[in-house]
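One structure is given here, and the rest of the page talks about it.
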Amino acid sequence: MRKRTGRKLLVATLGVGAVSYVACGGSCVANLVPPPLDAGADRAADTAADTTTDTFSPMDLVANLVAPSQ
Amino acid sequence: MAAELFELELYGDNVERRYRRMRPEVEAMPWGTFDTTGLPEVAVTMARKQWTGAAYQEHRTAVACAATLRALMECRAPLDLIAMASRFPLDELVHVELTARMAMELGGGTEIQFEPDHMIIDAEESLPPLLRAADMIARFFCVGEAVSIPMLRATWHAARHPLPRAVLGRIVKDEAAHGVFGFLFLDWALESMTEADRRHIAVAADRGIMAVRALWRGIEQRRTTGYDESLGDALGWLHSDAYLELAARSLETQVRKPLLERGIPITR
């Protein structure tokens, strides 16, 4: 095998600013605010804020929506 | 499906050289000039988190562009229109690199766990090819990319440091074509579509609009009213209130109005 000189482009620090996009796939509908969901954060409070019954998912959207600091 | 950690690598050697020749502007940016000395640690961590998140969102957008490109070929969209869209995945990969390098410039990426099989929602396989393309284009381009343009432009203007300013400027330049693409597609596709097809596109667009609004509700609930100058420098981000005000206006002018003008009966 030929040796190559690849390198890391993005290296994550585990435990820093942890965000989970797990379980936000195609099966997530309604009553969800979009990701990112802070791991272990107040997700229940977030989800309770949207009381619509419409079917949509955060994953319906892709966008370069550079959100402000929160 | 098990979660994976969002990290990225470069192949290097000739592969990287070919890539660099395609997009020489990336290496021309003032990398290595962002000095975080004196910035509060909490501000730098937040900036790392936001730029890592931006890299992930750009990566998702690359997946969406590739899925859309396949659907455009399957429905035999006009060749020049497909050719226009064929540039988009590369644009998005460049944006992934730029935003990832911004995170690394600030001290490294933060932790993102994700599921590779669930990065976007594809159109239903049972739909005919033209409607499959329209479904994704309505959500990803007519809503997501279209509303992004003014937001990105404003964020670019807000950036003061040359590095985030160069990064955002590049993204703004590329996204201009992405933002108009969805409506160019509709102007061709709608010629052969039924009223039922238009209603399907409206439902898809409404799903995108609801997702955008939900995102903004989240920002509104957590918005900061005081603007931290040091944080602003590290982030190159807009202040929350300015962001939300522009967001509402942009959704109306860049998304809802052009869809309604084309007879797409959106309700959101």
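None of the figures in this text is laboratory data; all of them are computed from the coordinates on show. Just so it is clear, the structure is predicted and the values come from calculations on it, not from any experiment. So basically every Cβ, Gly included, is an ideal-geometry build from the backbone, and we count neighbours across all protein chains shown.
List of remarks:
- In segment B:6-67, chymotrypsin sites (Phe, Trp or Tyr not before Pro) in a DSSP loop with at most 16 other beta-carbon atoms within 10 Å: B:Tyr11, B:Trp31
- Multiplying the residue separation of B:Arg217 and B:Arg249 by 0.36 nm and removing their Cα-Cα distance gives an extension gain of 10.0 nm.
- Amide H contacts for B:Thr110 (H built 1.01 Å from N in the peptide plane; partners 5 or more residues away or on another chain; cut-off under 5 Å): A:Thr13, B:Thr52.
- Partner lysines for B:Lys173 [C-alpha distance under 26 Å; skip if fewer than 8 residues away on the same chain]: B:Lys49, B:Lys257
- At least 30 Å along the helix axis (C-alpha) and Kyte average at least -1.0, DSSP helices within chain B: B:41-74, B:162-189, B:195-221
- Distance between the modelled labels on B:Ala242 and B:Glu25, one decimal in nanometres: 2.2 nm (7 Å Cα→Cβ projection).
- Lys/Arg +1, Asp/Glu -1 at C-beta; segment B:4-261 dipole; positive extreme among B:Thr253, B:Ala103, B:Tyr56: B:Thr253
- Under 11 Å from the B:Leu10 label point (7 Å along Cα→beta-carbon), backbone N, segment B:27-50: B:27-28
- Label point distance in nm, B:Arg76-B:Val42, each placed 7 Å from Cα along Cα→Cβ: 6.1
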